[in-house]
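As structure tokens, the structure follows; a few thoughts come after it.
The values are calculated or read from the model by the stated rules, or taken from the named source; none is laboratory data. Fair warning: this is a prediction, and the values are worked out from it, not measured in the lab. With ideal geometry, Cβ positions are generated from the backbone for all residues, glycine too; neighbour counts draw on all protein chains shown.
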Amino acid sequence: MDRWQQELVHEGERADSLDRKGYQIIQSPRRFCFGMDAVLLAAFARNKEGDRVLDLGTGTGVIPILMEARYGKAEYRALEIQAASCDMARRSVALNGLENCIEIVEGDLKRAHEIFGAASFDVVTCNPPYMTDKHGLTNPSDAMAIARHELLCSLEDVVREAARVLRPGGRSYFVHRPFRLVEIMTLMHDYGLEPKRMRLVHPYADREPNMVLVEGVRGGRSRLKVEPPLMIYQDQGLYTDEVKRLYFDGDTGEERKREGPAL
């Protein structure tokens with residue numbers, strides 16, 4: 001790590017490879033680190049060059065960085081309420097030389113339409129907190145608790161604000177847990193984000209799904225395409241070939257059995 005990188009990566013942090021275009025992400029084990037759900041969402045989402053793209057609750061900015069690596073130059077904005085995460089995300093953007101196309105904005109997701117304006121984006125992505133049960137939380141202000149539990153925003157807040165900031169015909173992309181699928185679909189329909197595409201993610205072929213990826217279109221017609229299920233592992237710790245293609249930048253080497261984010 002050269003001196004400039006050392007200035008961006010603070011004590012107690014690390015710069016982890018994203019295995020795409022040589023990009024790295026600054027993370028701290030004391031805070032919430034990105035997982036496979038963020039990688040799969042960035043691969044499931046789609047944007048064209050020149051689109052205006054917003055990531056809600058971006059954390060350390062991994063999704064817009066991964067999407068830029070996949071889809072090329074677009075106008076990316078990323079909203080995050082935690083100041084420390086915003087700072088880390090901005091440093092990751094600088095570390096990868098992406099300041100001209102990715103802007104990290106500190107602010108409350110529940111006010112996204114006030115911050116950016118209504119109908120101002122072509123694409124919205126979000127990897128929201130999954131859990132509504134706050135039982136057992138010892139520190140509700142802890143960064144990991146905020147990332148995992150609906151402490152600062154609800155699923156309805158996410159869907160409502162995505163619908164508000166999307167232009168007619170704009171696309172939303174969410175990753176969540178299947179046990180809340182009925183709630184997700186209902187909220188999307190109620191706020192005018194018609195579900196158009198869905199994919200269930202299984203850790204193994206013989207296990208039940210533990211993630212779901214959903215695409216919605218603002219003002220779209222009622223027609224849902226269910227894609228074939230995605231299997232993460234073909235054997236203990238060994239990714240399937242499809243996951244290797246989604247995660248690694250053209251590398252499907254067998255030696256990389258356990259690298260990358262956990263499921």
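Every listed requirement among (1) surrounded by fewer than 19 Cβ atoms within 10 Å (Cβ to Cβ); (2) of a type in the set (Lys, Arg); (3) at pLDDT below 95 is met by ARG111 save one, (3).
Which members of region 6-55 meet the condition of being aromatic (Phe, Trp, Tyr) and either surrounded by fewer than 17 Cβ atoms within 10 Å (Cβ to Cβ) or more than 22 Å from ARG177 (Cβ to Cβ) (or both)? Walk me through it before giving the result.
At the first step, the residues of region 6-55 found to be aromatic (Phe, Trp, Tyr) are 23, 32, 34, 44.
Passing the criteria: only TYR23.
Residues that are more than 20 Å from GLY216 (Cα to Cα), modelled with pLDDT of 95 or more and touching a helix residue (DSSP H, G or I) at 6+ places or on another chain (Cβ under 6 Å) are absent from region 118-131 altogether.
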